[in-house]
Amino acid sequence: TDGGQTFLANAVQIDKPGQYADFNDGTGSDTIPPTNFRAPNTPSLAYSPRTGKLLFAYQNNVNRPASAADISYQTSTDGGQTWSDARFLSTDASGQPAANDQFFPWAASTESGRFYVIWFDRRLDPDNVRINTWQAVSGNDGSSFSSSKISSHDWNPNDGFFSSGAFIGDYN
């Protein structure tokens, strides 16, 4: 609250059992099949200068058997002391977690307090390979979001990094 001059004496640990799972395929790898690029969990935090609300967006594999990797978010209104329950951000038209993998979220806020989150999304490819970019926007301080595809073309990550498909970057 003072521009980074002071911090809490101890870190705040948030434990919401059953609301988060990291990707684990048993190999210790950060790759999400069927492709070979690294997709480490890259969380992103945004701050609303209008209200002070924090928005935390991240890749969540808690629902992996049903929808693969999803983008979830949580909010805090007390500087990070307490957090809302996790909610899915990468959803389909019915509000359910979107099919296939979503990853590399990035969150931001405008001076007026609108939250924006973008991420890579493979929901439109039945083979779960080709990637589009999606964006979610909230005009009500993160209470709800509308989302849509913002890329004009999908792309194949297997063509990246000299056609090895091993590296497409670490975050948006």
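The values are calculated or read from the model by the stated rules, or taken from the named source; none is laboratory data. Predicted, not measured: the structure shown is a model, and the values here were computed from it. Cβ coordinates were reconstructed from backbone atoms using ideal geometry, including for glycine residues, and neighbour counts include every protein chain displayed. Accessible surface is based on the protein model in full, side chains and every heavy atom, while ligands, DNA and RNA are left aside. Shrake-Rupley method; radii C 1.70, N 1.55, O 1.52, S 1.80 Å.
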Quiz item: Using beta carbons and a limit of 8 Å, which pairs, at least six apart or on different chains, have the first residue in the stretch 29-41 and closer than 15 Å to TYR58 by Cα and at pLDDT 80 or above and the second one open to solvent by less than 70 Å² (accessible area, probe 1.4 Å) and of a type in the set (Ser, Thr, Tyr)?
Solution: ALA39/THR31; ASN41/TYR58
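Of everything in the stretch 9-28 that's free of Cβ contacts under 8 Å to residues at least 24 places away in the same chain and not charged (D, E, K, R), which residue is farthest from SER84 (Cα to Cα)? Give the steps one after another, and end with the answer.
Step one: of the stretch 9-28, the residues free of Cβ contacts under 8 Å to residues at least 24 places away in the same chain are 9-11, 13, 15, 17, 25-28.
Checking the rest, the ones that are also not charged (D, E, K, R) come to 9-11, 13, 17, 26-28.
Working: ALA9: 23, ASN10: 20, ALA11: 18, GLN13: 13, PRO17: 13, GLY26: 30, THR27: 32, GLY28: 30 Å.
Top of the filtered list is THR27.
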Quiz prompt | From GLY142, GLY160, residue being surrounded by 13 or more Cβ atoms within 10 Å (Cβ to Cβ) and under 30 Å from VAL12 (Cα atoms) | solution = GLY142
Self-check item: Those residues of the stretch 64-79 which are open to solvent by 10 Å² or more (accessible area, probe 1.4 Å) and either in contact with a helix residue (DSSP H, G or I) (Cβ under 7 Å, 6 or more places away or on another chain) or farther than 14 Å from ALA107 by Cβ (or both), in sequence order
Solution: ARG64, PRO65, ALA66, ALA68, THR77, ASP78, GLY79
Quiz item: If you go through the stretch 113-121 one residue at a time, do you hit one that is among the basic types (Lys, Arg), over 14 Å from the mean Cα position of the chain (by Cα) and open to solvent by 40 Å² or more (accessible area, probe 1.4 Å)?
Solution: yes
Quiz item: Of these, ASN41, ASN36, which one is under 14 Å from ASN128 (Cβ atoms) and open to solvent by 10 Å² or more (accessible area, probe 1.4 Å)?
Solution: ASN36
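Out of all the residues in the stretch 15-33, which are among the aliphatic types (A, V, I, L, M) and surrounded by 15 or more Cβ atoms within 10 Å (Cβ to Cβ)?
Filtering the stretch 15-33 for residues among the aliphatic types (A, V, I, L, M) gives 21, 32.
Answer for the stretch 15-33, where residues must be among the aliphatic types (A, V, I, L, M) and surrounded by 15 or more Cβ atoms within 10 Å (Cβ to Cβ): just ILE32.
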Practice problem: Could you please find all residues in the stretch 80-99 being open to solvent by 40 Å² or more (accessible area, probe 1.4 Å) and touching an Asp or Glu at 6+ places or on another chain (Cβ under 8 Å)? | Solution: PHE88, ALA99
